[in-house]
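Okay, so here's the structure we're looking at.
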Amino acid sequence: MKLIKIPFSGGGLGKGNGSNEAPNKIISFLDAASFQIEEIPVEESNISLSHKNIENFISNLNQKAILLGGDHSITYPSVKGFSKNNKDFKLLIFDAHPDLVNNFVPPTHEDYLKVLIEKKIIPPQNILLVGIRNSDKIETEYICKKLIHCIYMSDIKSQDLNTITQQLISFCDQPTYLSIDIDVFDSDIAPGTGYAEPNGFKQKDLFNILQKIIQTKNIKLIDIVEVNPKKDIENKTSFLASKLIQTLQEF
Ligand SMILES: [Mn+2]
């Protein structure tokens, strides 16, 4: 399996300072010899240049890989690069937040998704957000207006996990880009992130869901973002991300 390091926190509005350290920290908990590891060159003070490098790298990537961010802004150029080789695709996102606040260009980690939609890189109905539990009114309205599929954390708590898993499997019926913001996990198990939120996924539940989704073989590219070793407690968030990679590596 190929792991691609993207040590970039320049799109994190200051909140992300430290997420550039995540790729190396996460890899330190893995047997690095069993992965093919590459790194995309980025410059912390230059979002446009860094995003361009990411987009170019991903558009020339002809194999499955797991990308290690970095703040969530990296998903913008990465999906853009991915879209060059996948004309019709799905975007499955696990996140506590919708990231639909502004329409800044270049996008930050709070609006990468809005810019992907506004720039028509992906039709909103091809997007599924999962685990949302903190969103602004403006974001909730945008989700409704654009018909973005959304499974809120409150839906997940009130329904059978198998039902939710089946919905996700049905969604992944085309080449799918999977983006995992580590804050989708409960803040007790993932405290090392920019905007840790309580009442999130338990490790066992999300790992079970992901194991079933990857069996569709439609997941083509994965990113894991927003791990911040500087905010972590005893490296538990980085360690969790390393376990996530091990769970996903047969995708
Ligand atoms: Mn988030």
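The values are calculated or read from the model by the stated rules, or taken from the named source; none is laboratory data. A quick note: this is a predicted structure, and the numbers were derived from the prediction, not measured. Methodologically, a virtual Cβ is constructed for each residue, glycine included, from the backbone with ideal geometry; neighbour enumeration extends over all protein chains shown. Ligands, DNA and RNA are stripped out before the accessible areas are found, and what is left, the full protein with its side chains, is counted by its heavy atoms. Shrake-Rupley method; radii C 1.70, N 1.55, O 1.52, S 1.80 Å.
Suppose we keep only residues that are aliphatic (A, V, I, L, M) and surrounded by fewer than 23 Cβ atoms within 10 Å (Cβ to Cβ) within region 93-115. Which one would you say is farthest from Tyr142 (Cα to Cα)? Write out each step before concluding.
Looking only at region 93-115, we keep the residues that are aliphatic (A, V, I, L, M), and these are 93, 96, 100-101, 105, 113, 115.
Narrowing the set further to residues that are surrounded by fewer than 23 Cβ atoms within 10 Å (Cβ to Cβ) leaves 101, 105, 115.
Numbers: Val101: 9, Val105: 18, Val115: 12 Å.
Among them, the one singled out is Val105.
More than 16 Å from the ligand (Cβ to nearest atom) and in contact with a Ser or Thr (Cβ under 9 Å, 6 or more places away or on another chain): does that describe Gln203? So Gln203 fails the test. Just to be sure before I move on: is Thr176 more than 16 Å from the ligand (Cβ to nearest atom), under 27 Å from Glu118 (Cβ atoms) and β-branched (Val, Ile, Thr) in the structure I sent? So Thr176 fits the description; yes.
Remark: pairs (first residue in region 196-215, open to solvent by 70 Å² or more (accessible area, probe 1.4 Å); second residue among the acidic types (Asp, Glu); Cβ separation under 7 Å; 6+ apart in sequence or on different chains) = Pro198/Asp186; Asn199/Asp186; Lys202/Asp186. Contact map, region 49-63: residues that are over 14 Å from Asn86 (Cβ atoms) paired with residues that are modelled with pLDDT under 95, Cβ distance under 7 Å, separation 6+ or inter-chain. Pairs shown: Ser50/Gly10; His51/Pro106. So, of the residues in region 67-92 that are in contact (Cβ under 8 Å) with a residue 12 or more places away in the chain and among the basic types (Lys, Arg), which turns out to be surrounded by the fewest Cβ atoms within 10 Å (Cβ to Cβ)? So, considering only residues that are in contact (Cβ under 8 Å) with a residue 12 or more places away in the chain and among the basic types (Lys, Arg), the one surrounded by the fewest Cβ atoms within 10 Å (Cβ to Cβ) is Lys84. Residues that are assigned to a loop (DSSP other than H, G, I, E, B) and away from the ligand (no atom under 15 Å from the Cβ) within region 72-101 comprise Asn86, Lys87, Asp88, Phe89, listed in sequence order. Kindly evaluate Glu197 against the criterion of being of a type outside the set (Phe, Trp, Tyr), more than 15 Å from the chain's Cα centre (by Cα), within 20 Å of Ser73 (Cα to Cα) and within 16 Å of the ligand (Cβ to nearest atom). Yes. Considered as a group, the residues in region 142-173 that are under 17 Å from the mean Cα position of the chain (by Cα) and β-branched (Val, Ile, Thr) include one that is surrounded by the fewest Cβ atoms within 10 Å (Cβ to Cβ), and that residue is Ile151.
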